[in-house]
Structures are given as structure tokens and as C-alpha cells.
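Notes follow once the structure below has been shown.
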Amino acid sequence: MTHENQFTPRAEEALRLAQEAAEEMGHGYVGCEHILLGLMREEDGIAHRVMQEYGMTEDMICTVLERSVGRGLSGAAPSQGLTPRAKSAVELAVSEAPAPARATSAPSIC
């Protein structure tokens, strides 16, 4: 799931961490819930700071994820890639990026 030259390095890292989270949880896809977790794990991003300010923690997100979608066998890379909803969220982030970010082909999702 690479988005070469589409995002800032932090956004790329958040997406990588989302994929890693899906893998750890044994999910064969990367959904919005994994992107949320990736944004939380990308500690230098704005999203991480906002979630912390509102009292969210990585453990809280993981607990909710496990309760809502369960856990599979960890270790296998998500073979299905982004879900349609997650893909739409990423595409929206690209389309809503400020003009200077689009001009440099590096919008940020975090």
C-alpha cells in the first residue's frame, strides 16, 4: 500500500502504521479504524496531538477495535489493501489538501 509522492512523510508513516496495525490484528484489509490507529501511532502528527488532548490513547482505540471487529491471526500482511471507505477517506484527504501541498504532490492526512 504505497502512495509514492502523494503524501507528506508523516502521512506516509501513518498509512504504514495503519497497515502494520491491520497486520498485528490479523485483519486482511486496512480500514478507517486502522488509519485512525495509524494516525494515533504517528506521534509527530497533529491528529495524534488532538486525540491525546481529548483523552484518547492507543490502548483505547485497540480495545474498541477488538470489540467491534475482533482479532484474527496476526502476521499476514493485509491482502485486500484499503477498504472502499478507507480509500474514499484517503482520496478525500488528497482532494482537500491545501493548494501548496497539492502543488508539491504531498498532502498530509495527519
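The values are calculated or read from the model by the stated rules, or taken from the named source; none is laboratory data. Note that the structure is a prediction, hence the values are computed from the model and not measured. Because the Cβ atoms are built from the backbone with ideal geometry, glycine has one as well, and the counts that use them run over all protein chains shown.
The C-beta contact set for region 18-39 (first residue more than 13 Å from GLU58 (Cβ to Cβ) and free of Cβ contacts under 8 Å to residues at least 60 places away in the same chain, second residue aliphatic (A, V, I, L, M) and in a strand (DSSP E or B), distance under 8 angstrom, 6+ apart or interchain) comprises GLN19/VAL30; ALA22/VAL30; TYR29/LEU82; VAL30/LEU82; GLY31/LEU82. For region 20-31, a tally of residues being closer than 18 Å to ARG10 by Cβ and surrounded by fewer than 21 Cβ atoms within 10 Å (Cβ to Cβ) returns 1. If you take the residues in region 69-86 that are modelled with pLDDT of 90 or more and over 16 Å from ARG16 (Cβ atoms), which one is surrounded by the most Cβ atoms within 10 Å (Cβ to Cβ)? Across region 69-86, the extreme among qualifying residues is THR83.
Would you check if there is a residue in region 42-60 being of a type in the set (S, T, N, Q) and assigned to a loop (DSSP other than H, G, I, E, B)?
Yes, region 42-60 contains at least one residue that is of a type in the set (S, T, N, Q) and assigned to a loop (DSSP other than H, G, I, E, B).
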